[in-house]
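Following: one structure in structure tokens, then a few remarks.
Values in this text are rule-based calculations from the coordinates and carry no lab data. Because the structure is predicted, anything quoted here is derived from the model rather than measured. Glycine gets a Cβ as well: all are built from the backbone with ideal geometry, and neighbour counts include every protein chain shown.
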Amino acid sequence: MASGVSTDIASQPPARFIVGNTLAQKSLSVSIKNSLMTSIFLLLVMLGGLSVMTKIKLSSLQETIETVGRDRLPKIRALGEINIGVTRVRSVAVRIALTATHEQRVEVEKVLTSRTAALNQKVEKFRLGIKEGSPHKLIFDQFVNKWMLYQKYQAKILDQEIARDRKLLSDVVNVETAGHFQAVVDAIDDGIKLADQEADLLIEDAIADSQFYATVLWVVNIVSIVIGLATLIFVVKDVSTPIHHITRSMELIARGKLETEIPYADRTNELGLMARALVVFKRSLIENDRLSAATRTLSELSEWLQSAKSEVELYDMISTVLGDLMPECKGSLYIYANSRDVLEIATHWNGPSRTHSLHPEDCWSLRRGHPYVHGTSEIEFHCDHVHADINENYCCIPILAHGETVGLLHLEYVPQGAETAAEAKSRFADRVRLGQACAEHLSIAIANMKLREGLRDQSVRDVLTGLNNRRYLLEAARRELLRAARHSAPTAFITVDVDHFKSFNDNHGHDAGDTVLRHVGEVMRAIFTDDAVPCRFGGEEFVVMLPNTRIEEAALRAEEFRARMEQLVIRYADANLPRVTISAGVAAFPEAGDNLTEILRVADEALYQAKQNGRNRVELAGGYKPATSAEAVTDEAVIFLRSVMAQAGQRPAQPTQGSRLDSRAV
């Protein structure tokens with residue numbers, strides 16, 4: 001019993017789809033999705049980062065501008081105003097020193113007092129706006145101290161006593177207060193410089209940040225371009241190009257170019273699955289085309305099989321066509337013998353058959369009454385008619401016609417070198433279906449041929465003697481004479497008549513006569529073999545056609561037949577019948593004529609001559625003169641008869657007068 005079909009994954013065909021965790025490579029859709037999502041994510045991150053950094057950059061610049069505008073510039077402006085105020089106070093003090101009249105001095109002093117008060121307010125306001133502990137606080141405190149000191153010296157300018165002494169006033173204005181004024185101005189300048197330095201630092205930091213962000217932006221742009229190019233290369237190389245090639249292959253296959261190679265079938269991602277699916281589709285198309293061609297061939301085969309003129313020709317046609325239809329299968333066709341107890345091989349193809357005959361009990365399909373396919377089931381047994389080393393993939397298909405089994409179609413699959421076990425079983429299953437379709441056509445053709453052969457046999461064969469009848473002779477002689485005329489070949493005819501057959505029937509009965517005729521037929525079938533055509537022409541008359549035979553050779557064959565009949569012992573009803581003899585006349589084409597009627601007339605004349613000359617003899621057609629003498633022909637016939645008798649284990653009889661060819665006729 002054969003084992004079941006293996007389910008090992010290694011035996012699966014490469015076209016089988018592998019999904020889920022069996023993928024050896026990452027899924028293409030996952031790869032594309034991950035790549036695109038990664039690219040989009042990175043681009044979004046970069047764009048987001050770019051936006052954030054741009055926002056930060058703008059915020060930084062804005063903050064710098066705001067800081068400079070809010071803190072530094074007002075300080076610088078306030079310090080500038082204080083500086084201007086100090087200068088204006090100084091200029092008024094100098095004017096006081098230069099006034100000539102009391103009225104002018106009083107007026108200028110009012111201006112000085114007013115300007116000094118306003119300046120002190122600004123100084124106080126600026127001092128309150130400075131943060132504690134800042135460098136500006138320290139510098140401004142120094143400025144305030146120097147300013148207060150300057151104001152003390154400036155008060156001397158307003159002193160009336162000093163004002164009367166022009167020289168002393170000039171020293172106070174130009175010497176004592178000048179140094180303090182310059183110290184105040186220097187302190188203000190230091191504050192302005194400090195504010196300028198802080199503004200410059202802020203601007204430098206903003207410029208550095210701008211350069212940093214610009215560099216980052218360039219890096220982001222370059223990375224984005226690299227990611228975009230990498231994604232494009234991946235999509236083009238691993239997606240677009242394979243899909244284009246596969247689509248091109250699909251287009252070519254759709255146009256009927258089934259020899260097109262399908263790329264990427266070795267991949268284990270979606271493209272590989274698509275390619276293998278296309279391979280399966282291509283194989284299906286090829287198989288469908290082959291099956292369609294096989295169907296057309298079977299239809300044509302049916303017509304050809306119906307036109308076969310004989311079983312031999314029918315079986316030759318079957319072996320030729322089935323051998324081409326199923327080149328992977330060795331096949332044999334078995335037909336029931338007439339005894340219905342054995343099936344004999346009728347033909348085979350794609351290799352010799354080891355089994356030439358089988359008993360119906362040797363095949364499971366014949367015993368079970370339906371096709372038997374081995375190699376597909378868990379429980380199965382070998383047929384007794386198959387040899388031991390047969391491939392496990394074989395099938396036996398009964399050939400049924402008119403409700404009766406007439407034969408058996410046996411197919412044995414021969415695996416191809418590159419096939420896996422699963423592929424072999426799949427292809428063998430297709431061949432089984434094709435074999436079953438063939439069996440239906442064969443059954444009709446074989447049944448019709450047997451029916452025709454039976455009807456033809458009944459119409460052209462004599463039932464009593466088993467010889468061909470008069471009708472068959474007329475058809476065969478017409479064909480043979482035409483062929484002989486085309487090829488200038490001789491054809492001889494022998495007419496035979498049983499001597500005294502009427503009196504034999506009258507004396508012994510018609511059953512005994514039928515027995516004699518049956519024995520005559522048996523002897524004729526034994527002697528006239530090969531191309532010879534022995535026929536019962538009617539009653540006790542027989543005719544033998546010998547293609548490609550000269551009249552001399554025909555005379556020797558006729559003499560052999562006469563001698564065998566003379567020696568024949570026939571038993572009937574527990575007794576031996578009297579000796580049976582025959583007379584024969586021999587004629588040949590073209591000497592005797594160019595048609596069967598004329599030739600048989602000439603042969604009958606020779607037969608009548610043999611009867612007139614005493615019967616139990618062979619006469620040749622009148623007027624024929626062979627090159628050899630009568631004695632030589634007779635001696636040759638005797639020698640031939642002795643050899644035949646020796647082979648048959650009989651002792652030849654002594655020559656009699658009737659055992660010699662008539663010398664006159666010869």
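Our analysis of region 311-460 gives Rg over Rh at 0.97, with the two radii drawn from alpha carbon positions and Rh computed by the Kirkwood formula.
Available extension along the chain between residue 252 and residue 312 is 17.1 nm, counting 0.36 nm per residue and deducting the alpha carbon span. Put simply, the Cα atoms of region 181-286 extend 112, 23, 11 Å along their principal axes, the longest span coming first.
Near residue 291: Cβ cut-off under 13 Å, other residues only, Lys/Arg at +1 and Asp/Glu at -1. The net charge is +3. Inter-label distance, residue 243 to residue 575: 10.7 nm, where each label sits 7 Å from its Cα along the C-beta direction.
Over 28 Å apart at the Cα level, from the set 237/282; 282/425; 309/330; 282/330; 122/156; 450/502, are 450/502.
Order by neighbour count: 213, 413, fewest other Cβ atoms within 10 Å first, most last. Let's see the in-between values first.
Numbers: 213 18, 413 25.
Lowest to highest Cβ neighbour count: 213, 413.
Classify region 444-507 as rounded, prolate or oblate, taking a ≥ b ≥ c as the square roots of the eigenvalues of its Cα gyration tensor: rounded when a/c is under 1.5, otherwise prolate if a/b is larger than b/c and oblate if not. Note, shape of region 444-507 comes out oblate.
Eigen-decomposition of the gyration tensor built on the alpha-carbon atoms of region 55-214 gives equivalent ellipsoid semi-axes of 42, 13, 12 angstrom, largest listed first. Counting neighbouring beta carbons within 10 Å and listing from fewest to most, the residues 463, 111 come out as 463, 111.
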